[in-house]
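Note sheet for the following structure.
The values are calculated or read from the model by the stated rules, or taken from the named source; none is laboratory data. Just so it is clear, the structure is predicted and the values come from calculations on it, not from any experiment. With ideal geometry, Cβ positions are generated from the backbone for all residues, glycine too; neighbour counts draw on all protein chains shown. Ligands, DNA and RNA are stripped out before the accessible areas are found, and what is left, the full protein with its side chains, is counted by its heavy atoms. Shrake-Rupley method; radii C 1.70, N 1.55, O 1.52, S 1.80 Å.
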Amino acid sequence: MQNQLAGRGTLLRDRVFMWLLFISLAIGVLTLAILLIYVTVKGWPRLDLRLFTNMPSVRDAQNAGAQSAITGTIWVISFTALIALPTGVLAALHLEEFARPDSRFQRFIEINIQNLAAVPSIVYGILGLAVFARALALGQSVITASLTLALLVLPVIIISTREALRAVPRNIRDGSLALGATEWQTAYRQTLPAAIPGIATGTILALSRAIGEAAPLLLLGAVSFITFNPDGVLSGYTTLPIQIFNWTKESREEFQVLAAATIVVLLLLLLAMNFVAIWIRNRTQKRW
Amino acid sequence: MNQNGDITMHLDHALSPRGASIPLEVSDPVFTLDDVSVFYGDYEAIRNVTLPIGKNEITAFIGPSGCGKSTLLRSFNRMNDLILGSHLKGVVAYHGTDIYGPDVDPIEVRRKVGMVFQKPNVFPKSIYENVAYGPKVNGAKGNLDDVVEECLTRAALWNEVKDDLKKSAYALSGGQQQRLVIARCIAVKPEVILMDEPCASLDPIATAKIEDLMVELANDYTIVIVTHNMQQAARVSDRTAFFTAELDDNEVRHGRLVEFGRTRELFSSPGDTRTEDYISGRFG
Ligand SMILES: Nc1ncnc2c1ncn2[C@@H]1O[C@H](COP(=O)(O)OP(=O)(O)O)[C@@H](O)[C@H]1O
Ligand SMILES: [Mg+2]
């Protein structure tokens, strides 16, 4: 008697498809792994404390470090967050909770935000140069860089905040409003707190993109070697991607090693930020 | 009209299923609906409802799903305002004041008329904060421990949660969550409590607890409950309104009020064959 439950055997087509999926995945993972191993091996001789304690130099490769780039990155990204986070969250809150979704103005704004998120970063550099550096005469300063990067991440923060707000169920808002809370009370006491994990995740990912940006800052004129830490928002600055860019332009092999070591620092910073974002997301998954 | 005083008394008041003495006609209305129709855009979900809600009575809305019971219930506390495109015709009067009148603040209406939803919608906060939320948004300052204890006690939940007030409300069972929603509602000191199928997602034991609680609360509050469960309406309510959905000349469905009366009479001798069919289970 024939066994009716016997499988038909794995079809060739299925197996080919599985392999295609696997290869696609492997390409992504392998590229990242090779890159990481390459820069780590190459930068290894200079991956030590000097990177954090010493200032950059174009002459003395042995004692050059990236301290001003590290502090510069922290300064620039902190002010970027300080500007973009409240602006983005309030804008999203308005669009999601208060604006009438049927108005033409609202739809116009929505399409614009989607478009802004797709604008190449160098275009923001041009805007920053014209408006912040020149028109507002803020020059080549931390605040110019922060304002420019804030514009760059703003659409992403708005979009991810709106998604986080939308994920808060309607019946939480109804419950609050039915108790005689105003729409504003409902927004800041219920909807916003419930959306914080999603907002945090989206913001961290947006900021980690901004940290890696060199193009808009180069356009703003951040090309010189800066051998001091910023001491205010109007101070000059350099950042990790700019410093890497500068060293890779040097012909001496020592500077290539230094660049590789700095890339490792930058990558670790980005990985750490993404790890925090994933951790927040997993820790607060689905309560309703 | 009956000439004999004794018989009139007897006819006028009758004991409701929960044992309350209920007059034939609503004598002390909290709400009176006069020719109320509610629209979603152009669609008239429920039309021409005229109905009183008696003070400290439990009024049940029954009828097949989609006949506009929830829609009508949400017009008592202006929750329909939050649905884009919805509007109302007719008069919803609360102690004689049209709550859709020009100088009425819907927020004030919602402070007087609380609501319990079909799915327990506790807030993602602690049990304590869930109860304290209403008083806080209504401007209460200082320590709310006493209010929280009193409301949880009234909602028959205090003994089960008194040691876990700081725990998340999500840790509670569905039935406990629904009682927490009731506690949260009475913390605002409303006069009326609207309940939209409050037991729809609960098991029979949890349902029985909520029903006991409703009967208990009717001493101090006016309750309007929408229910799918006819036995529930027959067990707890003093008056019942039966709704159905009917096709108009253009083949569009609208909810209509078919019959309104004291629960005992409506269930034992319905005045309309549609009511009779529905309560005897012969309805779709
Ligand atoms: N937000 C809404 N927008 C449009 N139509 C709705 C909305 N809510 C309910 N309706 C419609 O109104 C009618 C009555 O719905 P509802 O009041 O929920 O009925 P019930 O509570 O008796 O089941 C239904 O036809 C339903 O589809
Ligand atoms: Mg309903």
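Overview of values
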{"read-out": "Lone unmet requirement of (1) free of Cβ contacts under 8 Å to residues at least 60 places away in the same chain; (2) more than 14 Å from chain B (Cβ to nearest Cβ) for A:S208", "value": "(1)"}
{"read-out": "Test for B:N77: is it within 28 Å of B:L213 (Cβ to Cβ), more than 13 Å from ligand 1 (Cβ to nearest atom) and open to solvent by less than 10 Å² (accessible area, probe 1.4 Å)", "value": "yes"}
{"read-out": "Failed condition for A:A61, given (1) open to solvent by less than 10 Å² (accessible area, probe 1.4 Å); (2) under 24 Å from the mean Cα position of the chain (by Cα)", "value": "(2)"}
{"read-out": "Hits in region A:169-186 (condition: surrounded by fewer than 22 Cβ atoms within 10 Å (Cβ to Cβ) and not hydroxyl-bearing (S, T, Y))", "value": "A:P169, A:R170, A:N171, A:I172, A:R173, A:D174, A:E183, A:W184, A:Q185"}
{"read-out": "Total residues in region B:150-192, condition open to solvent by 40 Å² or more (accessible area, probe 1.4 Å), within 23 Å of B:V226 (Cα to Cα) and of a type in the set (G, A, S)", "value": "2"}
{"read-out": "Residues satisfying the stated conditions in region B:195-236, i.e. small (G, A, S) and either within 14 Å of chain A (Cβ to nearest Cβ) or open to solvent by 20 Å² or more (accessible area, probe 1.4 Å) (or both)", "value": "B:A200, B:S201, B:A208, B:A234"}
{"read-out": "Residues of region B:152-177 classified as within 12 Å of chain A (Cβ to nearest Cβ) and either touching a residue at least 12 places away in the same chain (Cβ under 8 Å) or closer than 13 Å to B:L217 by Cβ (or both), total", "value": "4"}
{"read-out": "Close pairs (8 angstrom Cβ cut-off, 6 or more residues apart or separate chains): near ligand 1 (Cβ under 7 Å from one of its atoms) in region B:61-73, in a loop (DSSP other than H, G, I, E, B) and small (G, A, S) anywhere", "value": "B:K69/B:G63"}
{"read-out": "Residues (within 16 Å of ligand 2 (Cβ to nearest atom), part of a helix (DSSP H, G or I) and within 14 Å of B:D196 (Cβ to Cβ)) located in region B:212-245", "value": "B:Q232, B:A233"}
{"read-out": "Options B:L15, B:L84; residue that is within 16 Å of ligand 1 (Cβ to nearest atom), open to solvent by 10 Å² or more (accessible area, probe 1.4 Å) and among the hydrophobic types (A, V, I, L, M, F, W, C)", "value": "B:L84"}
{"read-out": "Residue match in region B:187-194 (condition: more than 14 Å from every other protein chain (Cβ to nearest Cβ), within 13 Å of ligand 1 (Cβ to nearest atom) and in a strand (DSSP E or B))", "value": "no"}
